[in-house]
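The values are calculated or read from the model by the stated rules, or taken from the named source; none is laboratory data. None of these values were measured; they are calculated from a predicted model. Here the Cβ is made from the backbone with ideal geometry for all residues, glycine too, and neighbour counts use every protein chain on show. With ligands, DNA and RNA removed, areas are computed over all heavy atoms of the protein, side chains included. Shrake-Rupley method; radii C 1.70, N 1.55, O 1.52, S 1.80 Å.
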Amino acid sequence: MNLHFINLGYVLHYENAEKWKGLYSDLIVSATSSVIFRKLNGEPFVYDETKSKAFGIGGNIKFKIGYDIKSNSKNHASPFIAVGCAPYFYSPNNEAVINQTKGLVGNNWPGLLTTQIGIAFHLGR
């Protein structure tokens, strides 16, 4: 299975250099869209003469906190951790793609909880 997400939204960045050197936080509000595909033996899975795929759409809010590791050059890195939530994510055909059933296991409006841990690279700041 292949699951793809795209988030389009707004980032509110807060940084207080006098009080906390290098520490920053972001509040991200976005619209989220997804598509999930199922493959069998490397080929797209087909049922009822259509390829198995499901689209989804919803809203997302995410809080991110990180620390800028400054260097002498314009480029630097910052480790971060982020937690996000999409309380209502409309995706009516996910169950059909994953379980090959409809309406037995889940509903059309599942909630999503996401976490991210990583390193962001800032270029030419």
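Return yes or no: is Ser34 of a type in the set (S, T, N, Q) and either in contact with an Asp or Glu (Cβ under 6 Å, 6 or more places away or on another chain) or closer than 16 Å to Gly9 by Cβ (or both)?
Here the answer is yes, as Ser34 does meet what is asked.
Under 6 Å between Cβ atoms, which residue pairs at least 6 apart in sequence (or on different chains) link something in region 9-22 that is farther than 30 Å from Gly58 by Cα with a partner that is open to solvent by 80 Å² or more (accessible area, probe 1.4 Å) and β-branched (Val, Ile, Thr)?
none
For region 63-84, give me the residue count where each residue is at pLDDT 95 or above and open to solvent by 30 Å² or more (accessible area, probe 1.4 Å).
Count: 7.
Within region 85-99, count every residue that is β-branched (Val, Ile, Thr) and open to solvent by 20 Å² or more (accessible area, probe 1.4 Å).
Total satisfying the criteria: 1.
Go through region 1-46 and give me each residue that's within 30 Å of Glu95 (Cβ to Cβ), open to solvent by less than 70 Å² (accessible area, probe 1.4 Å) and in contact with a Leu (Cβ under 9 Å, 6 or more places away or on another chain).
Ile28, Ser30, Ala31, Thr32, Ser33, Ser34, Val35, Ile36 - these are the residues of region 1-46 that are within 30 Å of Glu95 (Cβ to Cβ), open to solvent by less than 70 Å² (accessible area, probe 1.4 Å) and in contact with a Leu (Cβ under 9 Å, 6 or more places away or on another chain).
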